[in-house]
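Okay, structure first, notes after.
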Amino acid sequence: MKEQPIPERLQISPFLVFYMVMSIQIGIGVLGYQRIIAMDAGYDAWISILFAGGCIHVIIWLIYKICETAGGDIVTAHKYVAGNFIGKALSAIFIGYFILFSLTVLRTFIEVIQVWMFPEINTFWFSFGFLALCVYIIFGGFRTVVGIAFFGLVLPAYLLLTFGWAIKFSNFYNLLPIWDHSVKELLTASFHMSLTFIGFESIIFFYPFIKEPRKSQKWAHLAVMTTTLIYTILAIITFAYFSEDQLSKQIWASLTMWKIVEMPFVERFEYIGIANWNLIILPNICISVWIASRLIKRVFNIRQKVGVFFVVAAVLSIITFMDTREKINMLNDYVGKMGFIFNFIYIPLLFAAVMIAKKLKKGKKK
């Protein structure tokens, strides 16, 4: 049940998977995940980040095994296990998942702009302009989306260095004693890292677009390892900079740390950081809209360009209703839980189903 291969001119080199995975993982969650995980595991929460990162490596191995066995992406895997009709029905569910993913990223970023920079900015018109840019990029093809993922990761990378300003005001004794919380609390904190870590599962959707996909697996693992280290180091700096009581009141701890950055040519560095974050979330939304439109094409046999317009229209029609902090929080929690269920429950189940189907098919041939 092998699908028609993607032409080589449309495929990407294996090492570019590193940028695809990292660019969709690093998004809006980085600005405030520290407070959320510290609510569960206190300042031992950095251990939870390492544990969550370790679990993701297992899931990536499962994803590659699924795609290799089924000979394609998640739609192919569903067909391999459940047949054409049920397989397409299962795949259709993920169209909604990626629409909600892009909606969450965009609306949360607009909230940051409204709180920190421009309180009167119009949610609809900013979204319209941002999504128009995404449509333009996606119409350039998958390789253009990958190019944006590369630049969206490399160009703002200097922002990591700016968190070094907080080190001289930090007290690393805040982290002591280490392992002062129960295993249950650490696991709960790992669960609440879901929204910050999700995105790596996009591999199962663009797998056919990778040249020699086996060679790309090491790059996917390296991307997750790098992201995990960045999150861990940033969390440790944050925990050393804030007391637990101070951190509990910081919705966006990363942005607050930027307030102490002093440069001769800029007084409020957080404005520079937020402006740069436009480029960081651009690949998040481009990749998720591309995946949703690709699924529409695969499931309903509709041109992908039509699918892009449908996804963008869906995001624009919902985003204006997300007008309070409570609704945005609920959306973030909902998508985080969906991501956890998909990555840590559904993918292992799909892996088991694909392995069983493989044995049954071998038995029939014999």
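What to note about this one:
- Aspartates and glutamates with Cα under 13 Å of LYS358, excluding same-chain neighbours fewer than 8 positions away: GLU68
- The ellipsoid equivalent to the alpha-carbon distribution of region 102-172 has semi-axes of 29, 21, 8 angstrom, derived from the gyration tensor eigenvalues as √(5λ) and listed largest first.
- Gain on full stretching of the segment that runs from ALA82 to LYS211 - 0.36 nm per residue minus C-alpha separation: 43.7 nm
- Shape class for region 100-224: oblate, because the ratio a/c of the largest to smallest gyration tensor axis (alpha-carbon atoms, square roots of eigenvalues) is 1.5 or more and b/c is at least a/b.
- Between region 205-221 and region 344-358, the Cα center-to-center distance that results, in Å: 19 Å
- Debye, to nearest 20: dipole size of the chain, +1 on Lys, Arg Cβ, -1 on Asp, Glu Cβ: 2300 debye
- Charge dipole (region 64-169, unit charges on Cβ, about Cα centre) - positive-most of GLY71, GLY129, TYR158: GLY71
- Taking the C-alpha atoms of region 236-366, convex hull volume expressed per residue in Å³: 211 Å³
- Helical content alone sets the calculated 222 nm signal of the chain at -23000 deg cm²/dmol, taking -39,500 (n - 2.57) per DSSP H segment of four or more residues and averaging over every residue.
- Taking chymotrypsin sites (Phe, Trp or Tyr not before Pro) across region 256-293, the ones in a DSSP loop with at most 14 further Cβ atoms lying within 10 angstrom of their Cβ are PHE265.
- In this calculation the C-beta distance from ASN278 to THR144 is compared with R0 = 22 Å, giving a FRET efficiency of 0.80.
- Relative frequency of Cα-Cα separations exceeding 19 Å in region 263-320, percent: 48 percent
- The chain - percent of accessible surface contributed by carbon and sulfur, probe 1.4 Å: 67 percent
- Computed over protein heavy atoms with a 1.4 Å probe, the accessible surface of region 1-152 works out to 38 Å² per residue.
- The lysines within cross-link reach of LYS327, meaning a Cα-to-Cα straight distance under 24 Å and a gap of 8 or more places when in the same chain, are LYS249, LYS337.
- Student exercise, region 287-366 dipole from Lys, Arg, Asp, Glu Cβ charges, in Debye to nearest 20: 1080 debye
- Shape call, region 239-291: gyration tensor on alpha carbons, a/c limit 1.5: oblate
- Taken as Cα centroids, region 128-180 and region 273-319 sit 19 Å apart, rounded to the nearest whole angstrom.
- In terms of its C-alpha gyration tensor, region 1-73 has a prolate overall shape, because the principal axis ratio a/c (a ≥ b ≥ c, square roots of the eigenvalues) is not below 1.5 and a/b outweighs b/c.
- For GluC sites (Glu not before Pro), the sites in region 214-303 that DSSP calls loop and that have at most 13 other Cβ atoms within 10 Å are GLU262, GLU267.
- Qualifying lysines (Cα of each under 19 Å from Cα of LYS218; at least 8 residues distant if same chain): LYS65
- Restricting region 113-190 to chymotrypsin sites (Phe, Trp or Tyr not before Pro) in coil, as DSSP defines it, with at most 16 other Cβ within 10 Å: PHE139, TRP179
- The calculated FRET efficiency for SER182 paired with GLU267, based on their beta-carbon distance and R0 = 45 Å, is about 0.50.
- Entries of LYS79/LYS297; LYS211/LYS365; LYS79/LYS361 with Cα pairs more than 18 Å apart: LYS211/LYS365
- Between the residues TYR334, ALA253, ILE99, the greatest Cα displacement towards the positive end of the dipole of the chain, with unit charges on the Cβ of Lys, Arg, Asp and Glu, is found for ILE99.
The values are calculated or read from the model by the stated rules, or taken from the named source; none is laboratory data. Please read these numbers as outputs of a predicted model, since none were measured by experiment. Please note: Cβ atoms are built from the backbone with ideal geometry, for glycine as well, and neighbour counts cover all protein chains shown. Please note that ligands, DNA and RNA were not included when accessible areas were found on the heavy atoms of the full protein model with its side chains. Shrake-Rupley method; radii C 1.70, N 1.55, O 1.52, S 1.80 Å.
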